[in-house]
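First the structure, which I've put down as structure tokens, then a few questions once you've had a look.
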Amino acid sequence: MRRCVEEAAGALDLADIVPVADSAEQSTDTTMWMPLTLEAGTYAGPCFIPDPETGLPHAAMGMYIVFTVE
Ligand SMILES: [Cu+2]
């Protein structure tokens, strides 16, 4: 499983992933702002809430963002 994930991520070493923040669940159609002070680097913001029909985390359905702090 880990090998498949690494290949899909383009040789991303999962050991390099460091959690920096998390959030509580929120209601549908709401917005949450999370003030963070981040060091330069590349970050990912995935949603791990499961879809009620498929059970897949929303991230597997495209609900994530990858961004860079310079
Ligand atoms: Cu979501």
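How far apart, in nm, are the 7 Å Cα→Cβ label points at SER27 and MET63?
Distance between label points: 1.6 nm.
How far apart, in nanometres, would the label points at LEU56 and LEU14 be if each is projected 7 angstrom from Cα along the Cα-to-Cβ direction?
Here the modelled spin labels are 1.9 nm apart.
Over the stretch 20-69, calculate the relative contact order: mean separation of alpha carbon pairs under 8 Å at least 6 apart, over the residue count, as a percent.
RCO, the stretch 20-69: 36 percent.
Can you compute 3J(HN,Hα) from phi for each residue in the stretch 59-68, using the Karplus curve 6.51 cos²θ - 1.76 cosθ + 1.60 with θ = phi - 60°, rounded to whole Hz and x for Gly and Pro?
Residue by residue, the stretch 59-68 yields 4, 6, 9, x, 8, 7, 9, 10, 9, 10 Hz.
Taken together, the values in this text are just the output of simple stated rules run on the coordinates, not laboratory data. What you see is a predicted model, and the numbers here were worked out from it, not measured in a lab. Heads up, the Cβs are rebuilt from the backbone with ideal geometry, glycines too, and the neighbour counts pull from every protein chain shown.
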